[in-house]
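Structure first, commentary second.
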Amino acid sequence: MASRAPAATGRLLLGFRKWYYNAAGFNKIGLMRDDTIHEDSDVKEALRRLPERVYNDRMFRLKRAIDLSMKHTILPKEQWTKYGEDVRYLEPYLKEVIRERKEMEEWSKK
Amino acid sequence: LKVSTGCHSYQEFVTKLPSGLVIASLENYSPASRIGVFVKAGCRYESLENQGVTHLLRLAANLTTKGASAFRICRGVEAVGGSLGVTSSRENMMYSVDCLRDHIDTVMEYLINVTTAPEFRPWEVSDLTPRVRVDKALAAQNPQVGVIEALHEAAYKNALSNSLFCPDYMVGHVNADHMHNFIENNFTSARMALVGLGVDHRVLKQVGEQFLNIRSGVGATGSKAQYRGGEVREHNGSSLVHSAVVSEGAAVGTDEAMAFSVLQHILGAGPHIKRGSNSTSKLTQGIAKATADPFDASAFNANYSDSGLFGIYTISQSAAAGDVINAAIGQVKAAAGGVSEADLTCAKTQLKAEYLMSLESSEGLLDAMGSQALAGGTYHTPEAVLQKIDSVSATSVANAAKKFVLGKKSMASSGNLIKTPFVDEI
């Protein structure tokens, strides 16, 4: 979604993206974008493949967010996830899962 | 290079590349070709930290590599009607592919990928754990496997005492790093051989030069096997007692090894006729005088690169176990006193027949060529081997039997061991 910007309008687009990220609001409860991704079967398989540390960090962030949501509060501003800190940790695994699934589908067509 | 025209000639070619890789091929004019990559990476090269890694490697042969995903390897090999398999012994690992001659390029690509560039993705490796358990459960069904693993554990201090199967405490704990390290240290060019049946030698040579020299050198040297002579007893509820008593034998390729093989056939190396009386087996004839219960006995002979084991393997009813084992040992002692010419000739013929029959199938032939290529970098023709067998004299056979009688014994038994003697009581 946010990775195919041309270099020419770089600064403008970057500003827009940062604004959109903050407006989306999930960073206020300490989540990263990949924590909020909808869990379909590809994502479930990619999550299964996460290394243990990354998976544990994700679980911690989700638990903290659920707790905040129950208390109807948000984190103090210093603890909000910054746009620069948001790592797309699931993306390589998800890409690989989708590539494998497509390969299987290609073979089944033959 | 000798290229045959007209009359078919079965010429073996063996080349040793500067990197140490040995390439051997035989054009057998068969419609199906078979290629194997042999590596000196059996379970004897496992260290105390990575016990069980070769078991995992055996199961990981179909996992994703840098060039192809696991799915693609499976479907690709199936699509050309071929097969990809891996066998490992205590000394070597053998990856082999076979398929119709025309499709050999496809499967060769997968074979090279599997042996040189596996990725061992962490989730794929941890998915192997149930398969390890299944392997171990299947092995546990078979008492012979347990006894032979226990025998090696009892007989050696290191190297050859490692089991072919992953030990219980390592199931689920062998990870991708162990496997990568093992490959880095052991799958080096100097310890590999590329063998082909029904493949052009030049093609193999090209493949060997281009793809199989990723890791050069000798890698980590294995330790020399130290024989110690011990005993392992597994008392369980089985009414049949399996017992193996051995002492140190001969290393592969020595004249002594040939004498041990002949002695093995004099004593009895398995029945030749189903439900027959096994009349040429000295062990069977001798033990039949000691007990009326059903039993089975054969001579056990194993040859490794720097050591060997020779002795007897008996299966008997638990009450008669002591009599059977003592009678069997008695027969070997009798052989140490001298063997008759008739027995010697009979055993030599049986050994020759067994050897030649093992070369009849393409798996057996590939295995023989590969093991010889790894062990010595050459190929001994069947005629040369038959001559060696013929040159074994009665004295060398008697000396081999003496070596067993005088040597420090190792023993492994399983079953209801109430009447089974300890190794020092034999």
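The values are calculated or read from the model by the stated rules, or taken from the named source; none is laboratory data. A quick note: this is a predicted structure, and the numbers were derived from the prediction, not measured. A quick note on method: Cβ atoms are made from the backbone with ideal geometry, for glycine too, and the neighbour counts reach across all protein chains shown.
Of all residues in the stretch B:303-323, which are among the hydrophobic types (A, V, I, L, M, F, W, C) and within 18 Å of residue B:405 (Cβ to Cβ)? So that I can check it myself, show each step before the final result.
To start, the set of residues in the stretch B:303-323 that are among the hydrophobic types (A, V, I, L, M, F, W, C) comprises B:309-310, B:312, B:315, B:319-321.
Of everything in the stretch B:303-323, those that are among the hydrophobic types (A, V, I, L, M, F, W, C) and within 18 Å of residue B:405 (Cβ to Cβ) turn out to be B:309, B:310, B:312.
Restricting attention to the stretch A:47-81, report how many residues are within 30 Å of residue A:95 (Cα to Cα), part of a helix (DSSP H, G or I) and more than 14 Å from every other protein chain (Cβ to nearest Cβ). Walk me through how you get there before you give the answer.
First, pick out the residues of the stretch A:47-81 that are within 30 Å of residue A:95 (Cα to Cα): A:47-66, A:79-81.
Still in the running and part of a helix (DSSP H, G or I): A:47-48, A:52-66, A:79.
So of that shortlist, the ones also more than 14 Å from every other protein chain (Cβ to nearest Cβ) come out as A:56-66, A:79.
Number of matching residues: 12.
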- With B:223, B:243 as the choices, which residue is at pLDDT below 90 and small (Gly, Ala, Ser)? B:223
- Query: Out of all the residues in the stretch B:365-400, which are hydroxyl-bearing (Ser, Thr, Tyr) and under 30 Å from residue B:94 (Cα atoms)?
  - Reply: B:371, B:378, B:379, B:381
- Task: Take the stretch B:73-85 and flag every residue that is surrounded by fewer than 20 Cβ atoms within 10 Å (Cβ to Cβ) and of a type outside the set (Gly, Ala, Ser).
- Result: B:74, B:75, B:78, B:80
- Task: Kindly check whether there is at least one residue in the stretch B:86-109 that is polar (S, T, N, Q), surrounded by fewer than 17 Cβ atoms within 10 Å (Cβ to Cβ), touching a strand residue (DSSP E or B) at 6+ places or on another chain (Cβ under 6 Å) and on the phi < 0 side of the Ramachandran plot.
- Result: yes
- Can you pull out the residues in the stretch B:40-78 that are more than 14 Å from residue B:178 (Cβ to Cβ) and free of Cβ contacts under 8 Å to residues at least 12 places away in the same chain? B:69, B:71, B:72, B:75, B:78
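If you check B:423, B:397, B:405, which single one turns out to be surrounded by 17 or more Cβ atoms within 10 Å (Cβ to Cβ) and closer than 18 Å to residue B:267 by Cα? Quick ask: steps written out before the conclusion?
On the way: B:423 fails: closer than 18 Å to residue B:267 by Cα; B:405 fails: surrounded by 17 or more Cβ atoms within 10 Å (Cβ to Cβ).
Result: B:397 is the single residue among B:423, B:397, B:405 that is surrounded by 17 or more Cβ atoms within 10 Å (Cβ to Cβ) and closer than 18 Å to residue B:267 by Cα.
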- Task: Select from the stretch B:363-379 the residues that are surrounded by fewer than 17 Cβ atoms within 10 Å (Cβ to Cβ) and within 17 Å of residue B:13 (Cβ to Cβ) and list them in ascending order.
- Result: B:376, B:377, B:378
- residue B:352 is checked against (1) crowded, with 16+ Cβ neighbours inside 10 Å; (2) without any contact (Cβ under 8 Å) to a residue 60 or more places away in the chain; (3) more than 25 Å from the chain's Cα centre (by Cα) and fails just one. What number does that condition carry? (3)
- the stretch B:136-181, residues that are in contact with a helix residue (DSSP H, G or I) (Cβ under 8 Å, 6 or more places away or on another chain), assigned to a helix (DSSP H, G or I) and farther than 28 Å from residue B:229 by Cα: B:176, B:178, B:179
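Please go through the stretch B:106-155 and give me each residue that is of a type in the set (Val, Ile, Thr) and under 24 Å from residue B:246 (Cβ atoms), ordered by number. Lay out the reasoning, then the answer.
Filtering the stretch B:106-155 down to residues of a type in the set (Val, Ile, Thr) leaves B:106-107, B:112, B:114-116, B:125, B:129, B:132, B:134, B:145, B:147-148.
If the condition is that a residue be of a type in the set (Val, Ile, Thr) and under 24 Å from residue B:246 (Cβ atoms), then B:145, B:147, B:148 are the ones that fit.
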- Item | Inter-residue pairs, beta-carbon under 8 Å, first at pLDDT 90 or above and in the stretch B:360-378, second basic (Lys, Arg), 6+ apart | B:362/B:34; B:363/B:34; B:366/B:34; B:374/B:40; B:374/B:191
- Task: Would you tally the residues in the stretch A:82-107 being part of a helix (DSSP H, G or I), surrounded by 11 or more Cβ atoms within 10 Å (Cβ to Cβ) and more than 14 Å from chain B (Cβ to nearest Cβ)?
- Result: 2
